[in-house]
1. Does Glu122 satisfy being surrounded by 17 or more Cβ atoms within 10 Å (Cβ to Cβ), closer than 30 Å to Lys62 by Cβ and modelled with pLDDT under 95?
2. Say whether the condition of being within 15 Å of Thr195 (Cα to Cα), modelled with pLDDT under 95 and open to solvent by less than 20 Å² (accessible area, probe 1.4 Å) is met by at least one residue in segment 41-60.
3. Could you look through segment 61-88, keep only residues that are small (Gly, Ala, Ser) and closer than 16 Å to Leu196 by Cα, and pick out the one that is modelled with the lowest pLDDT?
4. Please work out if Lys42 is among the basic types (Lys, Arg) and under 17 Å from Phe185 (Cα atoms).
5. Confirm whether Leu135 is of a type in the set (A, V, I, L, M), at pLDDT 95 or above and open to solvent by 10 Å² or more (accessible area, probe 1.4 Å).
6. Report, by residue number, each residue of segment 183-199 that is more than 13 Å from Glu148 (Cβ to Cβ) and of a type in the set (D, E, K, R).
7. Within segment 167-186, restricting attention to residues that are among the β-branched types (Val, Ile, Thr) and closer than 18 Å to Ser96 by Cβ, which residue is most open to solvent (accessible area, probe 1.4 Å)?
8. Of all residues in segment 56-90 being of a type in the set (A, V, I, L, M, F, W, C) and part of a strand (DSSP E or B), which is farthest from Leu135 (Cα to Cα)?
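The values are calculated or read from the model by the stated rules, or taken from the named source; none is laboratory data. Since the model is a prediction, treat every value here as computed from it, not as a measurement. Using ideal geometry, Cβ is built from the backbone for each residue, glycine included, and neighbour counts are taken over all protein chains shown. Surface areas here come from the heavy atoms of the whole protein model, side chains and all, with no ligands, DNA or RNA. Shrake-Rupley method; radii C 1.70, N 1.55, O 1.52, S 1.80 Å.
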Amino acid sequence: MIGFVRGGTEEELSQDKVREWKRLSKLAPTVLIRSNGSGQTKDVSCALQVALGHADDADAAKQAYEDKAAEIREKYADVLAENTFVALDAYEDEVSVFSPISWIGDVLADAGATPLPLVADETTENAAFLSTEELRQVDDATVVLYSETVDGELDLGAVDLQKAPTYAELTAVKAGHAYGVPYFFADRYATGLETLQALEEILQDLQG
């Protein structure tokens, strides 16, 4: 059996997860791969592909992703430097402000986007959590990103986010710089590439 453990440090996970590994290992040979933050699930997925004998496909997907990220960093360096990005999701009255180790945050970091100071130095949690009343704390962001489906529809979290009166008051939203991103929760390099391509379209719009 092959799986992964998301989040935490080795020390935090050791007792519980070693017990789990021992229990599963009695059933079949077991490998659990750890990721620190959801953004690293791309590497976990890559490792799983390798373990299953698909190393060439894994390497090709990772290379395509890294090439695109490097292209974006170079081609859009000016617009990336001029803007601060925040990625948001919500569940009812709680807003997730995603950090650089989250799914979307990791992709943004690879592309050279400047994160909001609120979460810029966060290395243990996927997000900071705010009430909708506290959403003004992200008003320094010049670009707001939220999750949408591949068909361009709002994901459930984006629906809840946009119901908040404080969301419409954000400077970036009022300026028309709020954008939906498909594959917001990219867990593989292939879907991460789709996220980068969506980001490139946003950067082109910001360039004017």
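1. yes
2. If we filter segment 41-60 for residues that are within 15 Å of Thr195 (Cα to Cα), which is where we start, we get 41-42.
Add one more test, that the residue is modelled with pLDDT under 95, and what stays is 41-42.
Add one more test, that the residue is open to solvent by less than 20 Å² (accessible area, probe 1.4 Å), and what stays is 41-42.
Within segment 41-60, one or more residues are within 15 Å of Thr195 (Cα to Cα), modelled with pLDDT under 95 and open to solvent by less than 20 Å² (accessible area, probe 1.4 Å).
3. Out of the qualifying residues, it is Ala61.
4. Details: among the basic types (Lys, Arg): yes; under 17 Å from Phe185 (Cα atoms): yes.
When the stated conditions are applied, Lys42 passes them.
5. No.
6. Asp187, Arg188
7. For segment 167-186, the residue satisfying everything is Val173.
8. Initially, segment 56-90 is screened for residues of a type in the set (A, V, I, L, M, F, W, C), giving 58, 60-61, 64, 69-70, 72, 77, 79-81, 85-88, 90.
The next check asks that each one be part of a strand (DSSP E or B); those that pass are 85-88, 90.
On the way: Phe85: 14, Val86: 11, Ala87: 12, Leu88: 10, Ala90: 11 Å.
Checked segment 56-90; the qualifying residue farthest from Leu135 (Cα to Cα) is Phe85.
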